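Visitor: First, the structure itself, so that you have it in front of you.
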Amino acid sequence: MEEAITFSKKYLEDVLSFFGLNVDVHATHDEDVIELNIPSTHMNGFLIGQRGDTIRALQYIVTSALNNKNFGHMRVNVDVADYKKAQNDRLAEQVEHWAQGVKTNKKDMELQPMNPAFRRIVHKVASESGLTTESVGDGYNRRVIIKAAGFDLDIPVETEEPKASKPTKSKESADSTNDSKPSKEGKATPKTTKPTKASRATELTKDSESKPKDSKIKKPASSLRAKLLKSKK
């Protein structure tokens, strides 16, 4: 590893010298990745390129040189004035925000296509947040899906409270309430019932029995005339 780091550092400094830039490249390693950081100069914009295209080109040149020298397949990360470090920090903060959204909404989130370095940052930060990730797609369309199944979903269970039963009025209490319904003056009025045919006949019979009978019965006029004619003869 030390020989690969020394070779990569010297090779990149030689490439920069062709552009008239003589600088000391800072070389370290993180696990199996060789980190080469070019210090800030007046040529930062030129070395970074549009959206980091020149940095990726320098990175590819150094990696190819390592493979040609039989150092095996090793990853190289070239940075200029901490340009990529600032990008990685911003991406890590964004991934933390996405992870919080996945936990809140409990739904998977599919990200836009990213380069391998950015995908590794997403995998790392999401894993630290307790989530699982998956890379899908091929080539430039390869992207990361942050899944919500990687942590305990504490979904509260709502329980329905028993509904209070409404008091029902019995038939007897309802009748008594109707019988004693207050009138407009505020006094209770008794319930009146309509007389039936049988009760009317009974009342008529009582009235006829209660009337006094005449002691003298008037005879008809026709019978008096007959008696007078008979007496004359």
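Coordinate-derived values only; no laboratory data. Just so you know, these numbers come straight off a predicted model, no measurement behind them. Every residue, glycine among them, receives a Cβ derived from its backbone with ideal geometry; neighbour counts consider all protein chains shown.
Visitor: On alpha carbon coordinates alone, what is the Rg over Rh value for the range 86-150, Rh being the Kirkwood radius?
Guide: Radius of gyration over Kirkwood radius for the range 86-150 works out to 0.94.
Visitor: Separate question: Between ARG56 and ARG142, what FRET efficiency comes out of the Förster formula 1/(1 + (r/R0)^6) with R0 = 22 Å and r the beta carbon distance, rounded to 0.05?
Guide: After rounding to 0.05, the efficiency reads 0.90.
Visitor: Among the listed pairs LYS85/LYS107; LYS9/LYS85; LYS10/LYS85, which have their C-alpha atoms separated by more than 28 angstrom in this model?
Guide: LYS85/LYS107
Visitor: Just the number, please: percent antiparallel of the DSSP beta bridges in the range 2-81, rounded to the nearest 5.
Guide: DSSP beta bridges in the range 2-81 are roughly 45 percent antiparallel.
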